Structure formats: structure tokens, C-alpha cells
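Inspection log for the structure reproduced underneath, given as C-alpha cells.
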């Protein structure tokens, strides 16, 4: 399962395959920039990850924020407080 897949009730879909996360789109054009399936969080709180179609973007629904999902071991839309990957393997910020 990839980060924040369509079975999650806690996000609002805002595009896929090019990082279209609403106004302005994204500068995260490659899977390596978004840490592949593990994903990352942009400065505006948008979740980015790579799925079978390429880079996907999600805005989290009200009451959720982009952060590390300890249960699934990837970035997703989680209830606050949010944290980065505790192992330090996958930085929270995209492009790092």
C-alpha cells in the first residue's frame, strides 16, 4: 500500500501524476524528490508521494496534518501532533 491511498478517509484528493496539489502545483516532479512511497510533507502541509502513476499530492482533510504514520511507516494524513520519521531515514521535508 502506498502513502495515504484512496482507502483513507482523512484526505482531500487534489491530483496525481504531476503533483497538482491545488493553486501553484508543485516543484516535486520526481519520485526521488518525494522519497518514493514513503512520501514527504511540503511547507504548506501538502502530502507528496510516489505511486504507480508517478508523483501524487494530497491535501489533508480538516483535523489531519501531514506527518509520519508510525503504524504504516510512511508519511500520510495523521491527527496532530505530527512528527518526522523517528529513524531519520526519511526527512519530513520534500527534496531533502
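Assuming R0 = 22 Å, can you tell me the calculated FRET efficiency for the pair residue 44 and residue 73, based on Cβ-Cβ distance, to the nearest 0.05?
According to the calculation, E is roughly 0.40.
In nm, what is the difference between 0.36 nm times the number of residues separating residue 52 and residue 29 and their Cα-Cα distance?
Length gained, residue 52 through residue 29: 6.9 nm.
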(request) Evaluate the relative contact order of the stretch 34-96 (contact order divided by residue number), counting alpha-carbon pairs under 8 angstrom at least 6 apart; express in whole percent. (result) 32
(request) Taking just the C-alpha trace of the stretch 25-96, give me its Rg and Dmax in Å. (result) 10.9, 30
(request) Please give the residues of the stretch 28-64, grouped as numeric ranges, whose backbone N is less than 12 Å from a label point set 7 Å along the Cα-to-Cβ vector of residue 87. (result) 38
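Computed from the coordinates by the stated procedures, all read-outs in this text should not be read as laboratory data. On a predicted model such as this, the values are computed, not experimentally measured, just so you know. Positions of Cβ are backbone-derived with ideal geometry, glycine not excepted, and every protein chain shown enters the neighbour counts.
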